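Visitor: The structure follows.
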């Protein structure tokens with residue numbers, strides 16, 4: 001397949017950007033990588049973006065655990081994870097430590113997790129939290145990704161953002177936590 005044919009096959013009008021990527025002048029964008037994976041679902045999105053892991057999703061079971069990947073905002077979509085179908089799978093060396101991967105589009109975590117970061121999550125329980133780590137916390141009222149800290153007593157936890165301006169600390173009663181996911185890894189995608 002020529003570069004121009006490949007460009008047309010994935011819906012691009014020209015192949016110039018692909019030529020620049022091939023020559024090493026440009027990196028691949030997330031949008032272009034997603035377009036490629038849409039047409040070639042056997043290609044691992046994370047491999048395409050980072051060059052790490054395995055190129056093909058299928059047949060990689062012996063190289064690591066396949067983690068369901070969702071092209072959705074974690075704060076808007078994780079509450080209904082049981083109803084979602086994965087948009088693909090990622091195979092990572094640390095894959096047995098993550099249950100799923102979502103995009104984070106929030107602003108509360110600032111430069112640490114800029115909007116568009118891919119986060120790898122492991123479901124845990126409130127008794128297993130590690131203070132100071134990042135978690136996605138799901139309660140009846142909120143779903144948020146923040147740093148989690150011990151509260152004033154054993155019945156509460158504090159959720160803090162990296163960006164102090166405009167993001168107040170949130171205090172949550174541990175009994176109100178419906179689900180909690182530890183952020184095991186993240187991938188900042190330009």
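The values are calculated or read from the model by the stated rules, or taken from the named source; none is laboratory data. None of the values given here were measured: they were computed from a predicted structure. Positions of Cβ are generated from backbone atoms using ideal geometry, with glycine treated the same way; all protein chains shown enter the neighbour counts.
Visitor: Within the group 29, 85, which residue is at pLDDT 80 or above, surrounded by fewer than 17 Cβ atoms within 10 Å (Cβ to Cβ) and within 18 Å of residue 187 (Cα to Cα)?
Guide: 29
Visitor: Looking at the stretch 143-159, which of the residues that are farther than 14 Å from residue 129 by Cα and modelled with pLDDT under 95 is surrounded by the most Cβ atoms within 10 Å (Cβ to Cβ)?
Guide: The residue in question is 152.
Visitor: Still on this structure: Taking only the stretch 146-177 into account, find how many residues are touching a helix residue (DSSP H, G or I) at 6+ places or on another chain (Cβ under 9 Å) and assigned to a strand (DSSP E or B).
Guide: Total satisfying the criteria: 3.
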